[in-house]
1. Which one is farthest from Met209 (Cα to Cα) among residues in region 334-358 that are in contact with a Ser or Thr (Cβ under 9 Å, 6 or more places away or on another chain) and small (Gly, Ala, Ser)?
2. Does region 163-184 include one or more residues that are within 22 Å of Val254 (Cβ to Cβ), without any contact (Cβ under 8 Å) to a residue 24 or more places away in the chain and either in contact with a strand residue (DSSP E or B) (Cβ under 6 Å, 6 or more places away or on another chain) or outside any helix (DSSP H, G or I) (or both)?
3. Of all the residues that make up region 138-151, how many are open to solvent by less than 20 Å² (accessible area, probe 1.4 Å) and in a helix (DSSP H, G or I)?
4. Cβ-Cβ below 6 Å, separation at least six or inter-chain, first residue in region 452-463 and assigned by the TED database to the domain that holds Ala313 and under 15 Å from Ala108 (Cβ atoms), second buried (at least 22 other Cβ atoms within 10 Å of the Cβ) and of a type in the set (S, T, N, Q): which pairs?
5. Of Phe295, Phe342, which residue is touching a Pro at 6+ places or on another chain (Cβ under 9 Å) and assigned by the TED database to the domain that holds Ala457?
6. Do we have Ile221 as assigned by the TED database to the domain that holds Lys115, without any contact (Cβ under 8 Å) to a residue 12 or more places away in the chain and either hydrophobic (A, V, I, L, M, F, W, C) or buried (at least 23 other Cβ atoms within 10 Å of the Cβ) (or both) here?
7. Of the residues that sit in region 513-539 and are open to solvent by 20 Å² or more (accessible area, probe 1.4 Å) and of a type in the set (Phe, Trp, Tyr), which one is farthest from Gly301 (Cα to Cα)?
Amino acid sequence: MSLKNQQAYQPLPTAAAAMDNPAMSNSSSSSGSNEDVARLAQNGIPPTYSSQQLVSSDSDSMEHHRLHGNGIVPQPRSRPAISKRQWLTISVLCFVNLINYMDRFTIAGVLEDVKKTFDIDNDSAGLLQTVFVLSYMVFAPLFGYLGDRYSRRWLMVVGVALWSTTTLLGSFMKNFVGFITFRALVGIGEASYSTIAPTIISDLFIDSMRSKMLAFFYFAIPVGSGMGYIVGSKTAELANDWRWALRVTPILGVFAVVLLALLKDPKRGESEGVAQVERESFWVEIKDLLTNRTFILSTAGFTCVAFVTGALAWWGPNYIHLGLKMQPGNENLKQEDISYKFGLVAMAAGLIGVPLGSVLAQHYRTRVANCDPYICGIGLFVSAPMVFIGLLMARSSATLCFLFVFGAQVALNLCWSIVADILLYVIVPSRRSTAEAFQILVSHALGDAGSPYLVGAISTAIRNRMIAESNTVNDAMIKSMSQLAENATEFYSDNLPSRSAVDLSTFESLQYSLFSTTFVEVLGGVFFLITACYIVNDKAKATAAVLEYSAQQQQQQQPPQQSPRSRNA
């Protein structure tokens, strides 16, 4: 490996030494960093306000103070208007992300029909989502490795074409084994897109504009999920066949493939003014990620978000349908109607929650340097009791149930764009696809890969236990009654357990298993609060690494200065 390659994105020594204390203050770090600022200024590198900067000047008051304290007057930086190419790119990426999540949650909107068609229980129904996420997370590191080295545009084209094709073919499967196999193949295609798309946004935008565009991109997740419930349930109702619900997104996928093929892949680090660099080994990059405490802790917090989101999104409509169906007059209530309303609630929560998280982060960064993980943590702490109350309300009041579900999802959606932004500003440009892949792998492996199946399996086990205990009680009652009259025994044998008792045990068992999501949310909030202790340091390290490498590049590009003797000659 060349010396140039070994030095790429290494933090400044003095800056790194100042970062070891998580409780660093502005004053304690200024003396160690003034030399770095002066040295960069001598090289002609505007240290904080150049187009190469990773951290926004208006959101990093510490760096602003250091510059003025060193006698360097910062030059105001003009923010160029967004070009047509950038608007086209972000629009296409958001459109593809929208149909991506539509496809992911279409089955959840018709889950009861799928269970009846294949004659499966809750554990097998949850396994449908689990195998999808397992393949999704397993192939994410592969696409992260390829995305940092090869054409991201064509990797996305192949991925979207693959998941569109496999979704369509899966709708024609007549047995459960074939159907679940194609659901697993869908995850491979979606892994390519979800891993690569955020890194393209990071290479097109910087500072607050990047945060806004990430909010726009991740805004498509809850909205697309909500549209999946709506499109799935209504298409199945109109066609009188749930299989047609899976044939909508493949049609949109054809347009997505064409649009992606027309995009231009930006250079990695383009927004920070960093030229393309030679690659380091994959294991060196992984080692660097594992030592980034902010990245590890925020990934742990996001894993909790993924666990809760996966469980509630998959089982929410089915659970609410079971609860409302037990109310008098709702015996003929269809799940399609509940899925439609659940989709509307999810869309509304996404329209408010994702942009709200971005707005709060941009507003408070000027006052609190580590506000991003605080906002995520508070969002999870607020969401947890709302989920708990919403689960309790499902059997008594549809209005209150959906109201608390809406509030819980708004608070949960605060995290989406912020977590993505955290990853991008604490990781150097050349490793962002790998970091995205690593975060996808961990968050899905321990999050929504297992939560749908885990919740389904727990509910099935609880329900079977409840029915077994009910049958034991009923048998004792029958034996006691048989001593009084033979006809009493015959009556109870024919009618116990009753249909309402089975419905009640199914509902309560699913309720008990879904209560686990509230504890996971609290755990995720704790992870984000710990992240706040390290995020300022790790953010500054990444900035220093980019500035150092930019300085090296400019020095290499400058022509050698002639000596006075050669000039006189």
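1. Looking at residues that are in contact with a Ser or Thr (Cβ under 9 Å, 6 or more places away or on another chain) and small (Gly, Ala, Ser), I get Ser339.
2. Within region 163-184 (the criterion being within 22 Å of Val254 (Cβ to Cβ), without any contact (Cβ under 8 Å) to a residue 24 or more places away in the chain and either in contact with a strand residue (DSSP E or B) (Cβ under 6 Å, 6 or more places away or on another chain) or outside any helix (DSSP H, G or I) (or both)), the answer is yes, since at least one residue qualifies.
3. Residues flagged as open to solvent by less than 20 Å² (accessible area, probe 1.4 Å) and in a helix (DSSP H, G or I) within region 138-151 amount to 3.
4. Pairs found: Pro452/Gln129; Pro452/Thr130; Tyr453/Thr130; Val455/Ser513; Gly456/Asn122.
5. None of the other options fit; the residue is Phe342.
6. Numbers: assigned by the TED database to the domain that holds Lys115: yes; without any contact (Cβ under 8 Å) to a residue 12 or more places away in the chain: no; either hydrophobic (A, V, I, L, M, F, W, C) or buried (at least 23 other Cβ atoms within 10 Å of the Cβ) (or both): yes.
Considered against the rule, which asks whether it is assigned by the TED database to the domain that holds Lys115, without any contact (Cβ under 8 Å) to a residue 12 or more places away in the chain and either hydrophobic (A, V, I, L, M, F, W, C) or buried (at least 23 other Cβ atoms within 10 Å of the Cβ) (or both), Ile221 comes out as no.
7. Here the answer is Phe515.
Here is a yes/no grid of residues against (1) in contact (Cβ under 8 Å) with a residue 24 or more places away in the chain; (2) in a loop (DSSP other than H, G, I, E, B); (3) surrounded by fewer than 24 Cβ atoms within 10 Å (Cβ to Cβ):
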{"residue": "Phe381", "(1), (2), (3)": "yes, no, yes"}
{"residue": "Phe388", "(1), (2), (3)": "yes, no, yes"}
{"residue": "Leu400", "(1), (2), (3)": "no, no, yes"}
{"residue": "Leu403", "(1), (2), (3)": "no, no, yes"}
{"residue": "Ile418", "(1), (2), (3)": "yes, no, no"}
{"residue": "Ile422", "(1), (2), (3)": "yes, no, no"}
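The values are calculated or read from the model by the stated rules, or taken from the named source; none is laboratory data. Quick caveat, the model's predicted, so the values are computed rather than measured. Because the Cβ atoms are built from the backbone with ideal geometry, glycine has one as well, and the counts that use them run over all protein chains shown. SASA here: full protein model, heavy atoms, side chains in, ligands and nucleic acids out. Shrake-Rupley method; radii C 1.70, N 1.55, O 1.52, S 1.80 Å.
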